[in-house]
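This is the structure I have questions about; it appears just below.
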Amino acid sequence: MEWEFGLLEMFQTLHRPWLDAVMILITSLGNGGFVWVALGVLFLCFKKTRRMGMAMAISLVLGLLVGNVCIKNLVARSRPCWIRPEVEMLISVPKDYSFPSGHTMASFEGAMSIWYCHKKWGAAALILAGLIACSRMYLFVHFPTDILAGLLLGLLHAWIARKLVECDWRIRRDF
């Protein structure tokens, strides 16, 4: 855990008022998976992007159930800001457990779902997902391994959702 605190302390040396404001904004986009849910709903509204919207919806539901409901409560890992309360917080201290990062998981579920269907949009979404993930360490609410687990789960959930949507589309096409 010491190497993780070392990395988090490195992030603490980067603080500047303008960067604090940017990171607070970036992390807020991931609150409750907001930006990814909104994009998924938008994509569902258009025939051309409906498969992408379905994949996003499925992957986000998987993340909610597997990551946030099950794993977080089974692992019950304390957040860095709970362990070192002397670090000045720029956002409200989260009340749920730390592992895995829900912001990161939802971000990579959404971004990879987009990337599978549209590489150019997906590249932009992956950059945003990476920024959201980094913001969680910058804001001292997640350990690096929380972020890594969220990223890997997000990739897995997006892949599963993609396979489910492809299978559904093939079945519908055959009828």
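Across region 65-108, what is the number of residues that are assigned to a helix (DSSP H, G or I) and within 17 Å of Cys134 (Cβ to Cβ)?
Residues in region 65-108 being assigned to a helix (DSSP H, G or I) and within 17 Å of Cys134 (Cβ to Cβ): 9 in total.
Of all residues in region 37-57, how many are of a type in the set (Val, Ile, Thr) and open to solvent by less than 30 Å² (accessible area, probe 1.4 Å)?
Qualifying residue count for the region: 1.
Right, another one. If you go through region 140-147 one residue at a time, do you hit one that is within 10 Å of the chain's Cα centre (by Cα) and open to solvent by 10 Å² or more (accessible area, probe 1.4 Å)?
Within region 140-147, one or more residues are within 10 Å of the chain's Cα centre (by Cα) and open to solvent by 10 Å² or more (accessible area, probe 1.4 Å).
Keeping to region 64-103, report how many residues are aliphatic (A, V, I, L, M), open to solvent by 50 Å² or more (accessible area, probe 1.4 Å), touching a residue at least 60 places away in the same chain (Cβ under 8 Å) and within 27 Å of Ala21 (Cβ to Cβ).
1
Of all residues being of a type in the set (Gly, Ala, Ser) and assigned to a helix (DSSP H, G or I) in region 5-36, which is least open to solvent (accessible area, probe 1.4 Å)? Just the residue, please.
Ranking the qualifying residues of region 5-36, first place goes to Gly33.
The values are calculated or read from the model by the stated rules, or taken from the named source; none is laboratory data. This structure is a prediction, so every number in the text was calculated from the model and none was measured. Cβ atoms come from the backbone with ideal geometry, glycine included; neighbour counts cover every protein chain shown. Note: accessible area is taken over every heavy atom of the protein model, side chains too, but ligands, DNA and RNA are not part of it. Shrake-Rupley method; radii C 1.70, N 1.55, O 1.52, S 1.80 Å.
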